[in-house]
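Peer 1: To start, I am sharing the structure in question, which I have written as structure tokens.
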Amino acid sequence: TFAAYTFINSSLLFDCASTLDVSGAEVEVGLAIAKHMGDAVFRQRYLPRRQLVRSLRGETRSPGGFSDDSFDEETFAREAITPGPMAAVYHTMRMISAAIFDDQRELMRHATQAMSLAPRTPGAYLVAVAHTLRALALANQARALPKTERAVVLQELDSRCLQWLSLRALDAPVNFLHLQRWIEAERAWAGGDIQRASANFDVAMHQATQVARPWHRALITERSGMFHAAQGEDKRAQALLTQACALY
């Protein structure tokens with residue numbers, strides 16, 4: 001039963017490996033062994049990881065979507081309705097793709113689901129991803145509201161997501177400090193504190209260069225570029241977005 005779980009590092013390799021090929025190959029080997037052993041539970045939990053890699057390679061039917069000739073996302077999502085590890089993995093992987101493809105509606109939907117399932121997988125790294133991208137979704141939501149209506153959304157961002165990340169960064173700064181600074185930048189942007197947002201984006205980008213987290217670094221750089229574009233700083237924005245493309 002547990003043999004296939006020797007490939008659980010595929011989750012960490014997606015964040016830490018230098019290329020999608022490295023993490024994707026680990027997922028494929030794990031899935032092949034699970035199939036050979038008849039471990040259907042493991043396969044169901046790891047298929048979304050495979051589809052995330054395929055999505056980022058542009059091998060799925062729609063940008064950011066998971067459906068292809070071998071995987072029907074709608075059917076899988078129905079099967080993943082029952083709260084548990086399979087649902088947590090699916091919503092977290094789908095949340096990552098939505099964040100990278102800047103699909104704010106899907107990001108909010110899957111981040112909400114992932115956070116609701118977080119208590120079922122305490123200590124799992126997926127929980128850290130859920131807190132980070134839920135915070136991003138809330139920041140996006142707040143910016144779309146009139147300033148007088150943002151308080152409730154920002155309160156959730158502060159108390160549920162940013163506080164959690166800050167505590168993790170205090171314990172393990174190499175793993176979490178760049179995420180904390182990034183979300184602080186998003187929070188400041190959503191709250192209208194442009195100077196603080198700019199400073200925190202710069203710190204987050206610098207911190208991201210110090211760790212092996214390629215998609216974090218690319219997305220943080222892209223978000224910084226979008227922030228500067230929103231301020232009318234076209235040259236700075238263009239430089240950052242060009243850099244983000246290279247990082248991706």
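Taken together, the values in this text are just the output of simple stated rules run on the coordinates, not laboratory data. Quick caveat, the model's predicted, so the values are computed rather than measured. Here the Cβ is made from the backbone with ideal geometry for all residues, glycine too, and neighbour counts use every protein chain on show.
Peer 1: Give me the orientation-averaged projected area of the Cα convex hull of the stretch 88-153, in nm², one decimal.
Peer 2: Here the figure is 4.3 nm², rounded to one decimal.
Peer 1: Report the percentage of all Cα-Cα pairs in the stretch 63-206 whose separation exceeds 17 Å, rounded to a whole percent.
Peer 2: 62 percent
Peer 1: With a sphere of radius 13 Å drawn around the Cβ of Val41, what net charge do the other residues whose Cβ falls strictly inside it have (Lys, Arg +1; Asp, Glu -1)?
Peer 2: My count for the surroundings of Val41 gives +1.
Peer 1: For the stretch 121-219, report the translational diffusion coefficient in µm²/s to the nearest whole number, using Stokes-Einstein at 25 °C, 0.890 mPa s, and a Kirkwood Rh over Cα pairs.
Peer 2: 181 µm²/s
Peer 1: Could you tell me the ratio Rg/Rh of the stretch 48-118? Both radii from Cα atoms, Rh via Kirkwood.
Peer 2: 0.94
Peer 1: Taking the Cα centre of the chain as the origin, how large is its charge dipole in debye, to the nearest 20, when only Lys and Arg (+1) and Asp and Glu (-1) carry charge on their Cβ atoms?
Peer 2: 340 debye
Peer 1: Of the listed peptides 52-58, 69-75, what is their order by residue-averaged count of other C-beta atoms within 10 Å, with the highest listed first?
Peer 2: My ranking of the peptides, most packed first, is 52-58, 69-75.
Peer 1: For the stretch 8-140, give the magnitude of the charge dipole about the Cα centre (Cβ charges: +1 Lys/Arg, -1 Asp/Glu; no others), in debye to the nearest 20.
Peer 2: 340 debye
Peer 1: With a 10 Å radius around each residue's Cβ, average the other Cβ atoms per peptide and rank 118-125, 240-247, 105-112, 89-96, highest first.
Peer 2: For the peptides 118-125, 240-247, 105-112, 89-96, the packing ranking is 89-96, 105-112, 240-247, 118-125.
Peer 1: Over the C-alpha atoms of the stretch 31-71, what are the Rg and the largest Cα-to-Cα span, Dmax, in Å?
Peer 2: 11.1, 33
Peer 1: Multiply the residue gap between Glu233 and Tyr125 by 0.36 nm, knock off their C-alpha separation, and tell me the result in nm, one decimal place.
Peer 2: Length gained between Glu233 and Tyr125: 35.3 nm.
Peer 1: Write down the Kirkwood hydrodynamic radius of the chain, to one decimal in angstroms, obtained as one divided by the mean of 1/r over all alpha carbon pairs.
Peer 2: That comes to 18.6 Å for the chain.
Peer 1: Using the basic label-point model (7 angstrom from Cα toward the beta carbon), what is the Arg160 to Ala3 distance in nanometres?
Peer 2: Distance between the two pseudo-spin positions: 4.2 nm.
Peer 1: Tell me, what is a quarter of the convex hull surface for the C-alpha atoms of the stretch 182-248, in nm² with one decimal?
Peer 2: Averaged projected area of the stretch 182-248's Cα convex hull equals 3.9 nm².
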